[in-house]
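Right, one structure below, let's go through it.
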Amino acid sequence: MNQVKIDQTSIAPGIRPQFWLVAFLLILGIAPLALPEFYVTTLNFIGIYALVALGLVLLTGIGGLTSFGQAAFVGLGAYTTAWLATTQGLPTLLAFFGQSPWLALLAGLIFTTIVAIILGSLTLRLSGHYLPLGTIAWGTSLYYLLGNMEFLGGHTGLSGIPAVEVLGWKLDNGRSFFYLVWGMLLVSVLTTRNLLDSREGRAIRALKGGIVMAEAMGVNTSRSRMIIFVIAALQACTSGWLYAHMQRFVNPSPFSLHVGIEYLFMAVVGGAGHVWGALMGAGVITLLKQWLQDWLPKLLGQTGNFEMIIFGGIMILLLQRTPDGLWPIVTRLMPTRQRQKKINWSAEPLDLKPMPTKGEMILEARNVTRKFGGLVANNNMSLQVRAGEILALIGPNGAGKSTMFNQISGVDTPTSGEVLFRDKSVAGHQAREIAHLGMSRTFQHVRLLPAMSVLENVAIGAHMRGTRSVVPAAWRLDRAEEERLLAEAARQIERVGLSAHMHDAAGSLALGQQRIIEIARALCSTPCLLLLDEPAAGLRFKEKQALGALLRQLSDEGIAILLVEHDMDFVMGLVDRVVVMKFGEKIAEGLPEEVQKNPAVLEAYLGGVE
Ligand code: ADP
Ligand code: MG
């Protein structure tokens, strides 16, 4: 088996990704020596803009949070350093930060973090179009605030900002500044890329379309949203600092909402889902605008902002033609070898949680009622599950089984009633709190991140068992833990029999297999109670048999399983007890053979909705 894996990697076509990176670095290193000053300045602007666009790739492209307000954070960075450097007679602490641009950068980053946390906690809870509108609101306010502050020079701004020095080398011309801009940009791109390829990064990538799933796996998605919001703000702030020290003066106009919109264009046109897309977008838009400004008046023989009209048209065309941005097109032209994640099977296994003893009562739902307007989806539902037991919840479609799962797992809140999980009352608690207590689940409508590999999807299930966060991830100091998380995910994938698909995109698998991936993901959290909503749907006979054997094995290990399933042959041969629901109520409960003979159950199934 190992042999086959090695062979596959060695014959994988394409060039190593490191090659492209080294080639790019070489070109970057030579560029300022070979190009005229004017082009070097343009490249400096591209690098400065790309840093803001990079934050938007993380925030908008990957995290799904649209912000029009990034230019305001650029302004914070630029004005903090400008003000600290040019103001005389500052109080001691501020005077300390004003001593050098580097200390001023630190001050700017601290200040921006505070502002971003305040703005984030006010706006990130907004959903749909309210969030972008919120960013427009504070983007505009901050801009006008900058322009109206007497001590910031009003609309004239501040001038006389000193040059940055690195090890005694004064970066006071475009060529020397180039290395600072691009060096800082590259560090940001690489650390952002590292972050995305980590435990925290998987949580971030789940924000777009996977919030319910991620919370059920114990991820604090509000925290993840705040993390990317703050990182994007810090990248914008750094960009502003660079801008101030390159231009050596600042005024409010580059920090307006209009520019904020342009940053968003850069991220989207470049490819908002890819870190390198930020560079691409910043480059294309900056050059395009420059060329249009230079050439259009000559072509048309008159001036009058025609370039903005043409620019708008080109943007619409680009967004229509390449909704995923230009970067995916570039990668198609560069035959790069796909790197598969290596799994270190001998990584130290993750710590285990103490399991309840077999037979111990672990879940008790008491008189759970859930009303949706006039519809009573669950009416006075009670059930109990013991450790090591498999309980089936059956009933015709629409009986309220999935609703019951949602009440138990914290995805939804009961209108009334109580749910006790391991002696704690959990009804109305958040799904992630309940997950931390040892409950895990799958969903009737599969909730995977289709573009992500099976391995990474399953690894989200192990999120709670790791601790390494943003900073170690950005600097690759989390690798030992990451190996353990991925090895755990790989073991669970092997256990459910899907190791052949470990590195495939989850969305490329058959629906039945996707349900099994959800089981592997749930198992990664070492649950003591597993809720499975129709796990056998879409499976073939042999696959159902394998699933049955797996569930039996899990229950032998002491895991309790609560199962919704329509396939009666599968259920009756497998489970210990059955609860039957109809119209939101429990109509029968007992051993499989008893329930099968129960007249009310026969009537529900024969005369029922199905
Ligand atoms: P089952 O899983 O047993 O097929 P469900 O629990 O999905 O049934 O649904 C039970 C009833 O509750 C159905 O009539 C369904 O339309 C309704 N229902 C479920 N979720 C919602 C919701 N979020 N809003 C309104 N009605 C809902
Ligand atoms: Mg259902």
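Observations, loosely collected:
- Legend: P(r) of the range 292-426 from all alpha carbon pair distances, 5 Å bins from 0, whole percents, reading 2, 7, 10, 9, 7, 6, 5, 6, 7, 9, 9, 6, 5, 5, 3, 2, 1, 0.
- Taking Cα atoms only, the orientation of helix 541-556 departs from the longest principal axis of the chain by about 90 degrees.
- Note on Thr303 and Thr113: the model spin-label points, each 7 Å out from Cα along the C-beta direction, lie 4.6 nm apart.
- Alpha-carbon centroids, the range 293-372 and the range 428-460: separation in whole Å: 19 Å
- Chain lengthening between Asp324 and Met361 when straightened (0.36 nm per residue, less Cα-Cα): 8.3 nm
- Surface per residue (accessible, 1.4 Å probe) for the range 42-255, Å²: 37 Å²
- For the range 461-610, the equivalent ellipsoid derived from the Cα gyration tensor has semi-axes of 37, 16, 14 Å, listed largest first.
- Measuring nothing but how far apart in sequence close Cα pairs (under 8 Å, 6+ apart) lie, relative to its length, the chain scores a relative contact order of 17 percent.
- Debye equation applied to the C-alpha atoms of the chain, log10 I(q)/I(0) at 0.11 Å⁻¹: -1.06
- Beta bridges by DSSP in the chain, antiparallel share as percent, to the nearest 5: 60 percent
- 5 angstrom amide H check on Glu534, placed H, neighbours 5+ away: Val564, Glu565
- Using alpha-carbon coordinates, inclination of helix 70-86 to the longest axis of the chain, degrees: 50 degrees
- Degrees between helix 479-495 axis and first principal axis of the chain (Cα, 0 to 90, nearest 10): 30 degrees
- Extension gain from Leu317 to Asp351, taking 0.36 nm per residue of separation minus the Cα-Cα distance: 7.0 nm
- Label positions at Ile15 and Ala510, each projected 7 Å from the Cα along the C-beta direction, are separated by 4.0 nm.
- Label point 7 Å beyond Cα of Asp576 along Cβ direction - residues of the range 491-531 with amide nitrogen under 20 Å: 523, 526-531
- The range 407-455 - convex hull of the alpha-carbon atoms, volume per residue in Å³: 93 Å³
- Sequence-ordered 3J(HN,Hα) estimates for the range 221-227 from the Karplus curve with 6.51, -1.76 and 1.60 and θ = phi - 60° stand at 6, 5, 5, 4, 5, 5, 4 Hz, glycine and proline given as x.
- Compactness of the range 140-287 was expressed as the Cα radius of gyration divided by 2.2 N^0.38 Å, which yields 1.24.
- Binning the C-alpha pair distances of the range 42-255 at 5 Å intervals from 0 yields a P(r) profile of 1, 7, 15, 19, 19, 15, 11, 7, 4, 2, 0 %, listed from the shortest bin outward.
- Within straight-line cross-link reach of Lys597, aspartates and glutamates at Cα separation under 14 Å, skipping those fewer than 8 residues along the same chain: Glu589
- Two-decimal Rg/Rh across the range 361-604, once Rg and the Kirkwood Rh are taken from alpha-carbon atoms: 0.98
- Ser127/Lys342 FRET efficiency (R0 41 Å; Cβ-Cβ; nearest 0.05): 0.60
- For the range 441-509, pairs of C-alpha atoms spaced more than 20 angstrom apart make up 33 percent of the total.
- For peptides 390-398, 154-162, sequence by mean Cβ density within 10 Å, most packed first: 390-398, 154-162
- Between the range 59-138 and the range 248-285, the alpha-carbon center distance in angstrom: 16 Å
- Sites Asn173 and Thr467, calculated FRET efficiency, Cβ-Cβ separation with R0 35 Å, nearest 0.05: 0.15
- Straight-distance crosslink candidates among aspartates and glutamates, where the alpha carbon sits under 19 Å from Lys170 and sequence neighbours closer than 8 are dropped: Glu37
- Cα-derived Rg to Rh of the range 60-167, Kirkwood definition: 1.03
- Total charge dipole magnitude, the range 430-520, about the Cα centre, Cβ charges on Lys, Arg, Asp, Glu only, Debye to nearest 20: 160 debye
- In this simple spin-label model, placing a label point 7 Å from the Cα along the Cα-to-Cβ direction at both Thr413 and Ser100 gives a separation of 5.2 nm.
- In order along the range 135-148, phi translates into HN-Hα couplings of 5, 5, 4, 6, x, 5, 4, 4, 4, 5, 4, 4, x, 9 Hz, rounded to whole numbers, per the Karplus curve 6.51 cos²θ - 1.76 cosθ + 1.60 with θ = phi - 60° and x for Gly and Pro.
- Over 25 Å (Cα to Cα) - which of Lys371/Lys582; Lys353/Lys582; Lys358/Lys542; Lys401/Lys424; Lys371/Lys586 fall in this group: Lys353/Lys582; Lys358/Lys542
- Computed from backbone phi, the HN-Hα couplings of the range 120-134 come to x, 6, 7, 9, 5, 6, 5, 10, x, 6, 5, 5, x, 5, x Hz, rounded to whole numbers (Karplus: 6.51 cos²θ - 1.76 cosθ + 1.60, θ = phi - 60°; Gly and Pro given as x).
The values are calculated or read from the model by the stated rules, or taken from the named source; none is laboratory data. The structure presented is a predicted model; accordingly, all values stated were derived computationally and were not measured. When we count neighbours, we look across all protein chains shown, and the Cβ atoms used for this are built from the backbone with ideal geometry, even at glycine. To get the accessible areas, we keep the full protein, side chains included, count just its heavy atoms, and leave off ligands, DNA and RNA. Shrake-Rupley method; radii C 1.70, N 1.55, O 1.52, S 1.80 Å.
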